[in-house]
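The values are calculated or read from the model by the stated rules, or taken from the named source; none is laboratory data. Worth saying up front: this structure is predicted, and the values here are computed from it rather than measured. Here the Cβ positions follow ideal geometry from the backbone for every residue, glycine too, while neighbour counts run over all protein chains shown. Surface accessibility is based on the protein's heavy atoms, side chains included, excluding ligands, DNA and RNA. Shrake-Rupley method; radii C 1.70, N 1.55, O 1.52, S 1.80 Å.
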Amino acid sequence: MKTQELQQSLSDILEKVDDVVVDYLIPNAKKWDTERAFPRENLAALGEEGLLGLMIPKELGGMGGTPRIYKEVVVKLAQACASTALVYVQHTSAASIMLYGKQQPYISEQLGLMAQGKRLATIALSEAGSGCYFFLPVSQAERIDKNFQLNTNKTMVTSAGEADIYVTNSKATFAKNSMQSNFYVIPKEHPGITLGGIWEGMGLRGNQSAPMTIDCQLDEEMLIGKEGEGFKIVRESLLPMGQIGISALNIGIAKAIYEESVSYVKKRFYAHINTNLSNFQSIQQIVGEMKIICDQAEKALDTVVLKLELNQLDMVSTLEIKVMACQAAMQLADLGLKVCGGYAYSAHSPIERYIRDSKAGSVMGPTPEVLKELIGKIVLDVPTQL
């Protein structure tokens, strides 16, 4: 696609996103947070605009979006409602895995329904035995004729009970280790899916993350790709798009904190000394630091996106961008609290929600600590499972 066409496509898509943000996300963000409610209206509106099919190819009914467009969309969503943005990122991550098997009739059909906004997808990967190393499952499938018997307990499944499609994983039937794994597509109506609780997190309160038990027989058509190809799918499909999505989510939160802080500082007036908060040198320095951190993180993500589009993305860049984005969100949370004081600490301000949301990236797998370890191994030529 030519540069002019890309710019027009980006402009058209972002206009759709802006409409949904203004009409649904901004007015309802506090409600979803306060009530810990799943943002169904937001997701329905995104589906009606075709945005649930943003990264699905046009031949399957989607928009055929680029990584750059995806990054911009997620940042905008996260600035307005981080819970909605996380649900959207996990939906797109599920789609990225499914696209590995897009030539398979059943999977192609499901992708088509997702592109039409008729089905919301999510990933159900983490297990208690593997924790944030969700790409190394412990559970193992068994063969029953041509089908698979799967019995696994998944933890922290975003959109649990709300999604229409669950993309999950296990060790392959013949696996000697967790790198020999499978991915499956399971519709919500399939028997054997049980929720294990409700979400009561500190932040991202609307994403409905919960444990899930999957104990069922899966048809062979539900297997994505060939048996044992799971780790290849992680490297080629899930990891690049997943890292970009979660990084954009955290950068969106950081930018929301920055913009709300700037707005507050400009309006805060001290009558007893007849001056505005913006005239304090210490505040100017902190706001300047906030701006630098946001810009650095977003520019780093833009570089990763460009590398992906040019097929030049390396593993270190793929891993380190999430670390940078999570650190940016947490740093902005601390600085925003310092600049805005009691206003930021109060549940009556949106910054308080942003601050709680900013902490999720530090515990969402793979965590920054795990990513730093993997990066260190790569740099030091130490064997790694990536």
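Where does the chain land at 222 nm, in deg cm²/dmol rounded to the nearest 500, when only DSSP H runs of n ≥ 4 count, each adding -39500 (n - 2.57), divided by all residues? Could the numbers behind the result be given before it?
Working: 13 runs with 192 residues, N = 386.
Calculated mean residue ellipticity at 222 nm is -16000 deg cm²/dmol.
Given +1 at the Cβ of Lys and Arg, -1 at the Cβ of Asp and Glu and no other charges, the dipole of the chain around its Cα centre is 720 debye to the nearest 20.
Centre-to-centre separation between the Cα atoms of segment 274-351 and those of segment 256-271: 16 Å. Between Gln312 and Lys291, how high is the FRET efficiency from 1/(1 + (r/R0)^6) when r is the Cβ-Cβ distance and R₀ = 35 Å? Nearest 0.05. Efficiency for this residue pair is about 0.75.
All other residues with a Cβ under 11 Å from the Cβ of Tyr354 taken together, and with Lys, Arg as +1 and Asp, Glu as -1, what is their net charge? Can you show the working numbers first?
On the way: positive: Lys255, Arg353, Arg356, Lys359; negative: Asp33, Glu259, Glu260, Glu352, Asp357.
Value of the local net charge: -1.
Over segment 172-323, all Cα pairs binned in 10 Å intervals from 0 give whole-percent P(r) values of 9, 22, 26, 22, 11, 7, 3, 0, listed from short to long.
Per the 1.4 Å probe, what fraction of the accessible area of the chain, in percent, lies on carbon and sulfur atoms?
Summing carbon and sulfur atoms, their accessible area is 51 percent of the total for the chain.
For segment 166-318, what's the relative contact order in percent, using C-alpha pairs closer than 8 Å and at least 6 residues apart?
Working: 139 pairs, mean separation 27.3, N = 153.
Relative contact order comes out at 18 percent.
What does the charge count near Gln296 come to, summing +1 for each Lys or Arg and -1 for each Asp or Glu among other residues with Cβ under 14 Å from its Cβ?
Details: positive: Lys255, Lys291, Lys299; negative: Glu289, Asp295, Glu298, Asp302, Glu320.
Spelling it out: positives minus negatives among the neighbours equals -2.
In square nanometres, what is the average projected area of the Cα convex hull of the chain?
19.7
Checking the Cα-Cα distances for Lys76/Lys307; Lys266/Lys291; Lys322/Lys359; Lys154/Lys226; Lys30/Lys372; Lys58/Lys299 against a 24 Å cut-off, the pairs over it are Lys30/Lys372; Lys58/Lys299.
Pairs of alpha-carbon atoms within less than 8 angstrom and 6+ residues apart define the contacts here; what relative contact order does segment 50-104 have, in percent? Display every interim value, and only then the final one.
Numbers: 42 pairs, mean separation 15.2, N = 55.
Relative contact order here is 28 percent.
Relative contact order of segment 65-160: 22 percent, from C-alpha pairs under 8 Å at least 6 residues apart in sequence. Using the alpha-carbon positions of segment 52-198, Rg (one decimal) and Dmax (whole number) come out as 15.6, 49 Å.
Separation of segment 372-386 from segment 43-61 is 37 Å, based on Cα centroids.
Other residues with beta-carbon under 12 Å from the beta-carbon of Pro67 carry, at +1 per Lys or Arg and -1 per Asp or Glu, a net charge of 0.
Can you work out the accessible area per residue across the chain, with the rest of the protein chains kept in place, probe 1.4 Å, in square angstrom? Please report the intermediate quantities before stating the final value.
Numbers: 16690 Å² over 386 residues.
Result: 43 Å² of accessible area for each residue.
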